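The values are calculated or read from the model by the stated rules, or taken from the named source; none is laboratory data. Just so it is clear, the structure is predicted and the values come from calculations on it, not from any experiment. No Cβ is skipped: glycine too gets one built from the backbone with ideal geometry, and neighbour counts run over all protein chains shown. Each accessible area value is taken on the protein alone, full model and side chains, heavy atoms only, with ligands, DNA and RNA left out. Shrake-Rupley method; radii C 1.70, N 1.55, O 1.52, S 1.80 Å.
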Amino acid sequence: MDIGAIFENTMRGFIGEQFIFFALAAIGLNIHFGFTGLLNFGQAVFMAAGAYGLSMMVVTWGLNFWVGVFVGLVIFPFILAVILGAPTLRLRADYLAIVTIAAAEIFRIMVRSPTFDRWTGSSDGLGGFATDFYDLSPFDPSERYFFDLFIGNQMWVVLIGWIVLAMAAFACWLLIRSPWGRVVKAIREDEDAARSLGKNAYWYKMQALYIGGVFGAMGGMLRAIGTQSAQPDNFITDVTFFVWVALILGGAGKVLGPVIGAAVLYAILNFSDIVLRQGVESNNIPDSIMSGTQVGQVRFMLVGLGLVLLATFRPQGILGNKEEMALDDR
Amino acid sequence: MSVVQIGRSVVDPCHDQPSARRTYLIKLAMVALGVVTAVFAMVAPAAAHLPAQTDSESIPELRGTMRTVDEGGESIFVEGINLTITDASGAELGQAVTDADGEWVFELPEGGTYEVFLDEATLPDGVPLRNPDRNPLTVDVGNGASRTVLFPLGDAAVSTDTTIEIVQLTVDGIKLGLVIGMSAIGLSLIYGTTGLTNFAHGEMVTFGAMVAFLFNVTGVFGWTTSLIVAAILSFIVCGVAGGLFNAGVWRPLRRRGASLIAALVASLGFSILFRYMMLYQFGGRAKLYKDYQIQEKVDFGWFSIVPKDIFIIVFSVAVLIGIAIALQRTRAGKAMRAVSDNRDLAESSGIDVELVIKWVWVSGSALAGLGGVLFGLTESIGWEMGFRILLLMFAAVTLGGLGSAYGALLGSLIVGIFIQVSTIVIPTDMKNVGALLMLMLILLIRPDGLLGRSERIG
Amino acid sequence: MTADLPANDAVNDPEAARAAMRDVAQEPGVAKPDPILVADGVARRFGGLTAVDVEHVEVQRGIITALIGPNGAGKTTLFNLLTNFDTPDAGTRTFDGNVIDKVPAHKIANHGMVRTFQLTKALSKMSVLDNMMLGATNQRGEKMWRSMVPFSWKQQEAEIELEAEALLDRFNMLHMRDEFAGTLSGGQRKLLEMARALMVKPKMVMLDEPMAGVNPALTQSLLQHVVGLRDEGMTVLFVEHDMDMVQEISDWVIVMAEGAIIAEGPPGAIGSNQAVVDAYLGSHHGEPLDLDADI
Ligand SMILES: Nc1ncnc2c1ncn2[C@@H]1O[C@H](COP(=O)(O)OP(=O)(O)OP(=O)(O)O)[C@@H](O)[C@H]1O
Ligand SMILES: [Mg+2]
């Protein structure tokens, strides 16, 4: 067993790119669910909106990188929020859950379909849209940085990612401590009470869906930049559940909950991943029990199990306290 | 036929005994099971049992059968059709000619990519190729594999007449809708009685299909069964699994007063957990049952259909009628509807709500498993199939109104037909998109569904 | 203290408003001299059940009107219809001279009519103070983009906080300002909900069973608050089952049964109304209703 590699991998989960992408998406989901009570199970689609917003503008239509960033962060999430929110936000909470999952499926089918290959690159996705980003990098692509954890380009993504993440967490903090945050929290608890006091619950929910979606899109866009490709498989429905586990693990309804949750989640996933992989490679785990491809499936099982255990035994997560717990409403 | 009698003898009415409620609930399950077995026993023989393909030959080969259908629907095998086989480089390897049974075989030197060209001049008069632009055909052959090359003749099935096409698609849609409906009843009743939006319900569908696969193909302790027996076993296993799921997870959660949202999130967790456990166990490749794979279409003029699909339709209708009767007539069925309608009222009028919930879980899961088997039979068995169907179920249940069993059925039929008929305008690989978009539209226009009702305020 | 209270632009002299009611006929659906709320032909059916079918009803401005009726009479449903929390199958509603049929529920509050709920809706995971401050209207910081620029709303926030504290003080709840509303007793929640409604500075408050579940010691202070509101010019419509309270504070009583308005009149006279007696006790009873008993 290679302890060094295990430690390195776990650390990379703790502070690396995956953590950043998912922490951003989880901050968005926190605004949706943790503060406003919206059951959004399509956060992966908002992430995809960021990724495809950027890549389609640049690759498909040949526009400038920064135009792509704008479209991916502002326009696409807006369209998506309207499409998802308009039919559901007046209705009981679980309708949004159903519609957002359905939207994730619609996205998967459409993006993979050869019919739209011209625009989306179907199942291969799009690539080569991030050169403008890496051109700005001060790091040498062939060097390793930060205790040798990241190579140059990775380091650049991680650095920018951390800055974006810090700003996102700060913006979230501002939002939540403001009167706006007070209204959405009231809506989470009792929409009718908020409406009786003159708050347009529908409109606030739409705003929350949008702004949370923007954070999701940031995560997705960074992911596309980091992997230098926008691929349907990176944004399937199951990706949403990683975001959910990160959020509930850290504590829904706490500003730093999603950040801590994502860090812990990815540390755990990366740890189990590399331990199992080493086990399989060294044949300490016989092939009849687990093969190389099955290692990848274990992380999904862990995520599922994590959701179950958290929802039933510790719905308030690491940071939360029972009194303010979002998961307990209604 | 003896099975039918077993089913009947249990239905004999005996009212107001001490444990009457329990017996009635057991009866409800037995009635359902009786219907299942009876219909299997009656209808199954009608479905022609054709031999499954074998792939034990060591020499790779191309083969095929050329046939056309006459006015009376009889198959006519065409002799003397000439086929030319070329390899990837374009070099001609040789020719094959169909025999009196319309069959042709061509042995290949090795696996690879080949092209098969059908000489249309050798076709009999009045028998054209159905897809002339798909000639020559390019096929991949694995080493040691036998590959069937299909050149459909005549224009019987694919019609340019849109009314006929719509009829055909509607029939397909009814089949799909019935399968969705069978699976969705449990989803709707579980929601109605417990308030849980159970996202793990789709996995019960997959589980049902896979349990049947286990009995039918993989084998348990070395023996395999016919698909019919496998389906019955799967029905039972899923019912038991649903009952255990309720007893082990959902009942304790209800006891602890867990919020519905927490329960919903937990159900999603189970969904992903079970899904990947099944992927882990069964692998990612789609699978087929051993029985009823290759069947000839029966032509009804306006539409044609393979016997197994006739069976599926007849069988589903029978099961659903059985369910409707059970819901309408038996005490257990009435209790289920009562609890689903108004839980508190039902409770205060002396219905043991927990018992009803238990049977909703058992019967709903059993039906979901059965739906999975049928779906696996019409298409294929895969680890994600249930999750895909789950979304269609949601569309159906939302359309019909959450919590209503009949609504679920009606919604399923509409969704099924809509999905199939929409392929006239939507590319087939995106047909589900139409249904899901319809789901959103319904919520905009009629949020309580067709048979649902609105909530109380204040 | 009065300065903190919602100043009412349409302040009439409450004495005069009550005096005007003396000449009003005691019959269901009667016209009032200065109605603030009018409902006309409002009906709501749930399946086969007609929950509300009100031909005509008016609520006089500046007085306390009690809405009474047996359980299931349709009082809460009527509240929902008047505040657009529910849509009637038919009918027109007018508030303060404006037809409000198409006005969404939240805008009704902004028009100056606030309702409370029979099942209290204190926001239990928010502090008492946050509950109160939520009620204030036209908050700059409630705009999404603006909320991220604190200095643009901090000043207003401070003002609202003072207002909220003053109101809390008036309802003797100031000492609990930082507690979660979820820790309050049932009666305290009712108080909080009423105080929160006043943060909207409404012209009219509609209270659905404000005293239900409130302990007798608190009831008196609640009653005084309601009377105080009227004396400041606010219109109050409240649903109540406790006849003592109806007698004590209301200026006018409207009686509902089976969805319809069956009687109206001053509290002293309503108990001897035959229709009311029939509605409460079944039509075979002859003797006048004992309004001292709780119903
Ligand atoms: N959403 C709904 N769906 C079906 N029936 C309803 C609904 N809301 C109210 N009802 C019915 O309408 C009738 C009137 O109910 P409502 O709550 O208005 O009575 P109420 O006068 O407020 O009674 P209480 O004094 O008990 O509060 C009742 O029979 C009730 O069951
Ligand atoms: Mg009421």
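Structure notes:
- Being more than 16 Å from ligand 2 (Cβ to nearest atom), within 14 Å of another protein chain (Cβ to nearest Cβ) and closer than 17 Å to C:Met204 by Cβ is a property that C:Asn80 lacks.
- Pairs meeting the criteria (first residue in the stretch B:244-269 and closer than 22 Å to A:Ala252 by Cα, second residue of a type in the set (Gly, Ala, Ser), beta carbons under 6 Å, at least 6 apart or on different chains) are B:Leu253/B:Ala263; B:Leu260/B:Gly195; B:Ala262/A:Ala311; B:Val265/A:Ala311; B:Ala266/A:Ala311; B:Ser267/B:Ala200; B:Gly269/A:Gly304.
- None of B:Leu413, B:Leu374, B:Leu399, B:Leu441 is out of contact with any strand residue (DSSP E or B) (no Cβ under 7 Å at 6 or more places or on another chain) and within 11 Å of chain A (Cβ to nearest Cβ) except B:Leu441.
- Residue within the stretch B:222-230 that is within 11 Å of another protein chain (Cβ to nearest Cβ) and part of a helix (DSSP H, G or I) present: no
- Wholly enclosed helices (runs of 4 or more DSSP H) of the stretch A:24-143 bearing at least 1 residues touching a helix residue (DSSP H, G or I) at 6+ places or on another chain (Cβ under 7 Å) and among the charged types (D, E, K, R): A:93-112, A:131-135
- Pairs with Cβ under 7 Å, 6+ apart, first in the stretch C:27-50 and touching a residue at least 24 places away in the same chain (Cβ under 8 Å) and within 14 Å of another protein chain (Cβ to nearest Cβ), second within 16 Å of ligand 2 (Cβ to nearest atom) and in a strand (DSSP E or B): C:Arg44/C:Ala51; C:Arg44/C:Val52; C:Arg45/C:Ala51
Each row is one residue, and each column tells you yes or no for (1) within 16 Å of ligand 2 (Cβ to nearest atom); (2) without any contact (Cβ under 8 Å) to a residue 40 or more places away in the chain; (3) in contact with a helix residue (DSSP H, G or I) (Cβ under 8 Å, 6 or more places away or on another chain); (4) charged (D, E, K, R).
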| site | (1), (2), (3), (4) |
| --- | --- |
| C:Ile63 | no, no, yes, no |
| C:Ala66 | yes, no, yes, no |
| C:Thr76 | yes, no, no, no |
| C:Asp86 | yes, no, yes, yes |
| C:Gly91 | no, no, yes, no |
| C:Gly112 | no, no, no, no |
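- Among residues of the stretch C:132-147 being open to solvent by less than 30 Å² (accessible area, probe 1.4 Å) and within 8 Å of chain A (Cβ to nearest Cβ), the one that is nearest to A:Glu189 (Cα to Cα) is C:Leu134.
- Filtered by the rule that a residue be more than 16 Å from ligand 1 (Cβ to nearest atom) and open to solvent by less than 20 Å² (accessible area, probe 1.4 Å), the stretch C:111-121 gives C:Gly112, C:Met113, C:Val114.
- Residue that is modelled with the lowest pLDDT [pool: residues in the stretch B:139-187 that are under 20 Å from the mean Cα position of the chain (by Cα) and charged (D, E, K, R)]: B:Asp172
- With respect to (1) within 14 Å of another protein chain (Cβ to nearest Cβ); (2) surrounded by 17 or more Cβ atoms within 10 Å (Cβ to Cβ), the lone exception for B:Ile305 is condition (1).
- The stretch C:205-264, residues that are away from ligand 1 (no atom under 16 Å from the Cβ) and within 18 Å of C:Ala73 (Cβ to Cβ): C:Ser250, C:Trp252, C:Glu264
- Qualifying residue in the stretch C:157-177 (condition: within 10 Å of chain A (Cβ to nearest Cβ), surrounded by 15 or more Cβ atoms within 10 Å (Cβ to Cβ) and assigned to a loop (DSSP other than H, G, I, E, B)): no
- Hey, C:Lys154 within 13 Å of chain A (Cβ to nearest Cβ), modelled with pLDDT of 90 or more, under 28 Å from C:Lys75 (Cβ atoms) and open to solvent by 20 Å² or more (accessible area, probe 1.4 Å) or not: no
- Output for the stretch C:45-90, where each listed residue is within 15 Å of ligand 1 (Cβ to nearest atom), in a strand (DSSP E or B) and either polar (S, T, N, Q) or open to solvent by less than 30 Å² (accessible area, probe 1.4 Å) (or both): C:Thr50, C:Ala51, C:Val52, C:Val54, C:Val57, C:Ala66, C:Leu67, C:Ile68
- Residue within the stretch B:283-296 that is within 23 Å of the chain's Cα centre (by Cα) and not in a loop (DSSP other than H, G, I, E, B) present: yes
- Residues (assigned to a loop (DSSP other than H, G, I, E, B) and touching a strand residue (DSSP E or B) at 6+ places or on another chain (Cβ under 7 Å)) located in the stretch B:125-139: B:Val127, B:Arg130, B:Asn135, B:Pro136
- A residue that is farther than 21 Å from B:Met277 by Cβ and either assigned by TED's automatic domain parsing to the domain that holds B:Leu123 or buried (at least 22 other Cβ atoms within 10 Å of the Cβ) (or both) cannot be found anywhere in the stretch B:198-220.
- Restricting attention to the stretch A:175-194, the residues being closer than 13 Å to A:Lys205 by Cα, more than 7 Å from chain C (Cβ to nearest Cβ) and open to solvent by 20 Å² or more (accessible area, probe 1.4 Å) number 1.
- Only residues that are facing chain B (nearest Cβ under 7 Å) and either open to solvent by 60 Å² or more (accessible area, probe 1.4 Å) or under 21 Å from the mean Cα position of the chain (by Cα) (or both) were counted in the stretch A:96-114, giving 9.
- Hits in the stretch C:93-110 (condition: open to solvent by 40 Å² or more (accessible area, probe 1.4 Å) and either touching a residue at least 24 places away in the same chain (Cβ under 8 Å) or more than 10 Å from every other protein chain (Cβ to nearest Cβ) (or both)): C:Asp96, C:Gly97, C:Asn98, C:Val99, C:Asp101, C:Lys102, C:Asn110
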